[in-house]
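Only the coordinates and a few stated rules stand behind these numbers; no lab work does. The shown structure was predicted, so the numbers you read here are calculated from the model rather than taken from an experiment. For neighbour counting, all protein chains shown are included, and Cβ atoms are generated from backbone atoms with ideal geometry for every residue, glycine included.
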């Protein structure tokens, strides 16, 4: 275990001087990163299932039409096709909405991608509550569970546009199946130009020793807001980013449990089997401390603007701060 | 080019040896699926001996042909044919389904052994084969992709997603051989869930489809040659077979879909298949 967990430097974080940071959807960053990857590497092939405008793979299609195949509204067949293409030496990026890519097509992902360990990167957009108005049929809240349970599948949930570009690079460089979870809604840019995402490594964005808030995806920005609120209440929270859920950064979680004595997880996903569960498994096995899990608690979502939904279900910064304070009381008792 | 008399004789001889291996393997494992592969042995032997460009020497070369056993439970016959081609050691055949064996109960991708892909869950194979065919074309390889399926497997929706896309992409380098024996686990396919006329269905989906007697190696060879000549659309060969072919008590019954013969039944099967019983 590393004795000292490093905190990200100024250059690894986005500058705060320009006030409200720019908001970019991770799916938009995906489209751009995929285009650049395709420009650099001839072995990249992209599949989509009739959602290329929404998942942003259309950006790649326009530049490399010979290496883009639209599979139509048939996600299971898309995953099988991706596996077959990977058998011919291609690195295949397959995109759709998270609901369909991981839900409808779960079985071919298990049978034809994970069992034979094919070089297929499932980059799914419109994950989580922040899909918004489309409602519960499209708000995929179980994909982290469905993907992290599969042997050989790596799971990455980037928090912003910079980390998304890093996730795409990492997915390309990592042999075998990778799942990258992307969002529809625009979210703040958190990371700076020098930020590097490593497989199985998290990062401390802000340090503190009263408790640790572990987050991924859109919840990372909320966790940072929560830490500001808590600071005003004289509670110093450490905020860690665990974009890479599988493999997860065991060392950083154990270090945070030792250093802070309590961990709150935040995810835009069911807490059953999801991100918080992944953190809890590490805590339970290596260094038990009081924990609480913020996320969807055995409930589907509903239609509404993304920011309203985040507040309604208690996933916003102020709600996280309150849950953190309650958790602190368990730590002291 | 039609099969010579000698080639046809050789294919029939190999098919008989494959059938003997199937009953020996399933008997040794104490479980497995003898009926399906016994029915497929004639068309599979025709494919493997006369058409599939796969050998010990080229098994790792990029532009070899590829094969996906869509109905993965029929793998005893597939393994026996890979042994015939020198890709699997004969001793390994009797370790089929044992702990630590490379010959899993359903195929697991192992390029050293010539096993191109993992299958077992019905419906998944044809999509993968279509992806391989698409990739081969993208790479400008001459390789062809062959996939097996069955009448029962044609009840899976993913088969028709794959059939749609393969035709849409004009994958002339893809051929599916559908084992049509009218038997599935729970009984006669016509009673359980009738898939009706698969030749008409594949034709309607945009494939070049024909129906042949799956035990007539000359007819199967002709269909495979016609598939090669069809370059602008994928080909489907509906092979009418008798499940359990060659072992009287296994023929045309769902009872032997997934049951192993006992010692006595093995002896009778081998005798009927003309093997010297040791």
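Report the far tail of the P(r) of chain B, meaning the percent of Cα-Cα pairs longer than 25 Å. Please list the in-between numbers first.
Numbers: 15642 of 38503 pairs.
It works out to 41 percent of all Cα pairs.
Would you kindly calculate the translational diffusion coefficient of the protein assembly as shown, applying Stokes-Einstein with the Kirkwood radius from alpha carbon pairs, for 25 °C and a viscosity of 0.890 mPa s, and quote it in µm² s⁻¹ without decimals? Kindly include the intermediate steps, with their values, before the conclusion.
Working: Rh = 26.0 Å.
For the chosen part, D equals 94 µm²/s.
Using only the alpha carbons of the stretch B:46-199, determine the length spanned along each of the three principal axes and report them from longest to shortest in whole angstroms.
Its Cα atoms span 42, 39, 26 Å along the three principal axes.
When chain A is treated as a GNM, springs tying every alpha-carbon pair under 10 Å, which of A:226, A:101, A:14 comes out with the largest mean-square fluctuation?
The residue with the greatest mean-square fluctuation here is A:14.
Tilt of helix A:219-232 relative to the longest C-alpha principal axis of chain A, in degrees (0 to 90, nearest 10)?
Around 10 degrees separate the two axes.
So what is the relative contact order of the stretch A:203-332, in percent, for Cα pairs below 8 Å that sit 6 or more residues apart? Show your work: numbers first, answer last.
Values: 247 pairs, mean separation 38.2, N = 130.
Computed over the stretch A:203-332, the figure is 29 percent.
Cα centroids of the stretch B:216-273 and the stretch A:157-214: how far apart, whole angstrom?
The stretch B:216-273 and the stretch A:157-214 have Cα centres spaced 53 Å from each other.
Determine, for each peptide in A:240-247, B:121-128, the mean count of other beta carbons within 10 angstrom over its residues, then list the peptides with the highest first.
Details: A:240-247: 24.4, B:121-128: 28.6.
Result, highest mean Cβ count within 10 Å first: B:121-128, A:240-247.
Using alpha carbons only, how many degrees (0 to 90, rounded to 10) separate the axis of helix B:75-84 from the longest principal axis of chain B?
90 degrees
Across the residues of B:155-164, average count of Cβ atoms on other protein chains within 10 Å?
Details: counts 0, 1, 3, 10, 1, 2, 11, 7, 1, 4.
Mean partner-chain Cβ count within 10 Å for B:155-164: 4.
Show me A:52-61, A:198-207, B:92-101 ranked by packing, highest mean number of other Cβ atoms within 10 Å first.
Values: A:52-61: 22.2, A:198-207: 18.4, B:92-101: 15.0.
For the peptides A:52-61, A:198-207, B:92-101, the packing ranking is A:52-61, A:198-207, B:92-101.
Distances longer than 20 Å among the Cα atoms of the stretch A:23-188: what percent of all pairs is that? Spell out each step's value before the answer.
Numbers: 5721 of 13695 pairs.
When all Cα pairs of the stretch A:23-188 are counted, 42 percent exceed 20 Å.
Within 10 Å, count the other beta carbons around each residue, average over each peptide in B:20-31, B:52-63, B:242-253, and list them highest first. Walk me through the intermediate numbers first.
Details: B:20-31: 21.3, B:52-63: 14.1, B:242-253: 19.7.
Per-residue mean Cβ counts within 10 Å order the peptides as B:20-31, B:242-253, B:52-63.
Using Cα-Cα distances under 8 Å and only pairs 6 or more residues apart, what relative contact order does chain A have, in percent?
Values: 790 pairs, mean separation 61.9, N = 333.
Computed value for chain A: 19 percent relative contact order.
Only Cα pairs under 8 Å and at least 6 apart count here; give the relative contact order of chain B as a rounded whole percent. Working shown, then result.
Working: 581 pairs, mean separation 66.5, N = 278.
Worked out over chain B, it gives 24 percent.
Report the antiparallel proportion of the DSSP beta bridges in chain B as a percent, rounded to a multiple of 5.
Details: 3 of 25 bridges.
Roughly 10 percent of the DSSP beta bridges within chain B come out antiparallel.
Applying 1/(1 + (r/R0)^6) with R0 = 41 Å to the Cβ-Cβ distance of residue A:209 and residue A:302, what FRET efficiency is obtained, to the nearest 0.05? Working shown, then result.
Values: r = 38 Å, r/R0 = 0.93.
Working from the Cβ atoms, E equals 0.60.
For helix B:157-168, report the angle its Cα long axis makes with the longest principal axis of the Cα atoms of chain B; keep it between 0 and 90° and round to the nearest 10°.
Computed tilt is about 40 degrees.
Tell me, what is the FRET efficiency for residue A:9 and residue B:255 to the nearest 0.05, using R0 = 56 angstrom and their Cβ-Cβ distance as r? Display every interim value, and only then the final one.
On the way: r = 71 Å, r/R0 = 1.26.
Taking R0 as 56 Å, the efficiency between residue A:9 and residue B:255 is 0.20.
What is the Cα radius of gyration of chain A over 2.2 N^0.38 Å, N being its residue count?
Numbers: Rg = 18.9 Å, N = 333, 2.2 N^0.38 = 20.0 Å.
This ratio for chain A stands at 0.95.
Given labels modelled 7 Å from the Cα in the Cβ direction, how far is it in nm from residue B:31 to residue B:63?
The modelled label-to-label distance comes out at 4.5 nm.
Can you work out the FRET efficiency for the pair residue B:139 and residue A:50, with r the C-beta to C-beta distance and R0 = 25 Å, to the nearest 0.05?
0.45
Over all residues in B:129-141, what is the mean tally of Cβ atoms on other chains that come within 10 Å of each residue's Cβ? Don't skip to the end; give the middle numbers.
On the way: counts 4, 6, 21, 7, 4, 8, 10, 4, 1, 8, 5, 0, 1.
Across the residues of B:129-141, the mean count of other-chain Cβ atoms within 10 Å is 6.
Pull out a ≥ b ≥ c, the square roots of the eigenvalues of the alpha-carbon gyration tensor of the stretch A:195-333, then state rounded if a/c is under 1.5, prolate if not and a/b is larger than b/c, and oblate in the remaining case. Please report the intermediate quantities before stating the final value.
Values: a/c = 1.43, a/b = 1.17, b/c = 1.22.
Rounded, since a/c falls under 1.5.
Using a/c under 1.5 as the rounded threshold, could you call the stretch A:82-166 rounded, prolate or oblate? The axes a ≥ b ≥ c are square roots of the C-alpha gyration tensor eigenvalues, and prolate needs a/b larger than b/c, oblate otherwise.
Working: a/c = 1.98, a/b = 1.51, b/c = 1.31.
It is prolate, given that a/c is not under 1.5 and a/b is the larger ratio.
What does the structure give for A:105-112 when I average, per residue, the other chain Cβ atoms found within 10 Å of the residue Cβ?
Numbers: counts 1, 0, 4, 7, 0, 2, 11, 12.
Rounded to a whole number, the mean comes out at 5.
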